């Protein structure tokens, strides 16, 4: 049996650890990560090993040589340019003339590989993916298998709404040599992104084997620390290069311990370390080779590499130090610090939580460092929510952060790119915009500032001006909650940016590896005061309000505080008719209905935050989302323009593929606004992202029809929806989705996995969806009656709740 160790990874998310060290060479308890993979292969009688190299290849080759010191034979295959995971293995095709196993050199695992190989052979598989179960599957490839183990679905790095299991791809594969027929020569090709989807499409024998045991891909600094803590706790079966001299205390040779020292395990101390009298080594401390720790210094949950000098009376908590660092007496390193190689920290200096120092930096005596020098990692959770980047103004979202976000965004754009920026009427949004623009221009990005306007205007402007993207900044006010700053990103089409673009911005922001331009090359800035007028003109061109101006139509518009009042007033003036416009924070159907009656109006429409629209009749009835979509579609169909409307997955099953007249049909999409806008075609504005366009269509319909609003509503298809919410932990979402899939299989129900899990039956449909922004599940039920929908939602919510309670026990 032969194996391939993929050892070309850069480990970008582990920086600065991997600036000058390839990820497979990053030490775990004083041994390179890849050494444990070689041990694992050798333990399973696999001695002939190909090693693929790309990033800093000499570091791997110089350390491991031909493998003889490890009792194996290593043959190296180096890429001149990145070929992807599958392409790199293709490089070793001449060496791999039998069934072989592929393992990442930058992961830590104790899986029983023999069982995986036997499983592969028993299934006569072309390829077998080794799988495991994790708490949060967002950074991995989620895999679903049939009862016989055949892979039926695979999704790389899903969002929460796309998660259908907690079972993920570990990057360990058992393959037949004929797999090389599927991999092109000399061009980038990836197992997860290219090869496995191709095998699935052609219905080849692709299987998944769920292994038991420990596995970590060490994808970030938190996992890097935790993997070593797990090794100290003996949660993973690996060979350590030290002796356990007392419970939980592991010492290599030539460690000098003083007569008096505080040792609290588990802890690991490598050879050549010198610990002075009265020093304190607390739990989960790992010291590499040749470290010196002076008296009265306290270390806890701290990891050091090699050759560091720590003065007396220092304190370090949950810190990570690389090589050859000098820490002066009395210095303090707070939780989450990362100190690059060659840094000098002066006496009594203080490094605050989560600060990263780039290699070879100097911190003077008595200095406090609050922010990273070149490198930082401010948050472990993603920046982006389904609404963009959201936070409390001047607390979470402040001018300094806005500037960094602008620079990070600009770094991801092409050279000489142009970006549209806009803000709401709140004074603080203007302050944030100014800082954001400074960040963009410092990268060399050109800026067109369209001033104070709604995000719908910004969507229109970015397309009209052929810009690369746009950012709209607004402050949302609600008397019942704290205000929120919302930064909304748009691409050149005016759509919310793709998940891949969000990840690029997040990586640039957290790693701060954006390069600012020369002073002579800063981006230009100019104002454009015509965006609002152009947007209103575009609406007027697409809508016919001649009847509304002469009809007796009367309506009430209620606006949330953050909605652009001036824009709505100008729009409604163009529409005509008798109207009342009020701006209030909360939507109250009864109050709105009372206003409709008092003003003898025909209908009331609430325009809320985040593109929310609600319609209320004179009797106080609230039109459902399905009903409103049908009404908008009916109005659009009357224009005679052939069109397709994207509809979010949570809408009623009854509208999937449904046609309205001869010119309009619905297409079900994922829940995200981007998916809806991508699917919508044939109309100048997507009604779900351009509320004034939707309102204009409705008012045009009400004015043209001889029937009352209530009569029109009676013509709509009946649709009954109920919704339930089930709270859960973030880490429990994946396993609960797997439990739901197990119900579906055992019950033999029809299922759709477009977004969340949609279950269809004779009594209706249920959509079970993990929320993208909160630790909870949303359950949408659709049935032929309100009672039926409520019963369905309640039944599935109860079932999910019971599974959640069982999981916690």
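A few comments on the model shown:
- Pairwise FRET efficiency - residue 723 versus residue 200, Cβ, R0 = 45 Å, nearest 0.05: 0.85
- Once the chain from residue 774 to residue 786 is taken as fully extended at 0.36 nm per residue, the excess over their C-alpha distance is 1.6 nm.
- Antiparallel %, DSSP beta bridges [both residues in the chain], to 5: 45 percent
- 0 to 90° range, to nearest 10: angle between helix 786-808 axis and the chain longest Cα axis: 10 degrees
- Ranked by how many other Cβ atoms sit within 10 Å of their own Cβ, fewest first, the residues 440, 557, 240 fall in the order 240, 557, 440.
- Between residue 464 and residue 622, the FRET efficiency from the beta-carbon distance, with R0 = 60 Å, is close to 0.95.
- The residues 310, 389, when put in order of fewest to most other Cβ atoms within 10 Å, stand as 389, 310.
- Counting beta carbons within 10 Å around each of 630, 518, 460, 804 and listing the fewest first gives the order 518, 804, 630, 460.
- Modelled label positions at residue 256 and residue 150, each set 7 Å beyond Cα in the direction of Cβ, lie 6.7 nm from each other.
- Note on the chain: the alpha carbon radius of gyration divided by the globular reference 2.2 N^0.38 Å gives 1.08.
- Taking label positions 7 Å along the Cα-Cβ direction at both residue 599 and residue 503, the computed distance is 4.8 nm, reported to one decimal.
- Protection proxy ranking of 526-532, 122-128, 672-678, by the mean of other Cβ atoms within 10 Å over each peptide's residues and highest first, is 672-678, 122-128, 526-532.
- The angle separating the long axis of helix 113-122 from the principal Cα axis of greatest extent in the chain is about 60 degrees.
- From the largest down, region 553-714 spans 41, 35, 28 angstrom on the principal axes of its Cα atoms.
- Folded to 0 to 90 degrees: helix 565-575 orientation relative to the chain principal axis, Cα: 40 degrees
- Potential lengthening of the chain between residue 233 and residue 425 amounts to 63.6 nm, from the contour at 0.36 nm per residue minus the alpha-carbon distance.
- With the simple model of a label 7 Å out from the Cα in the direction of the Cβ, residue 45 to residue 521 spans 6.0 nm.
- Calculated FRET efficiency for the pair residue 416/residue 715, C-beta based, R₀ 45 Å, to 0.05: 0.25
- Fully extended contour minus Cα-Cα distance, from residue 274 to residue 246, at 0.36 nm per residue: 8.2 nm
Quick note: the coordinates plus some simple rules give every number you see, no bench work behind them. Model, not experiment: these values are computed from the prediction. So basically every Cβ, Gly included, is an ideal-geometry build from the backbone, and we count neighbours across all protein chains shown.
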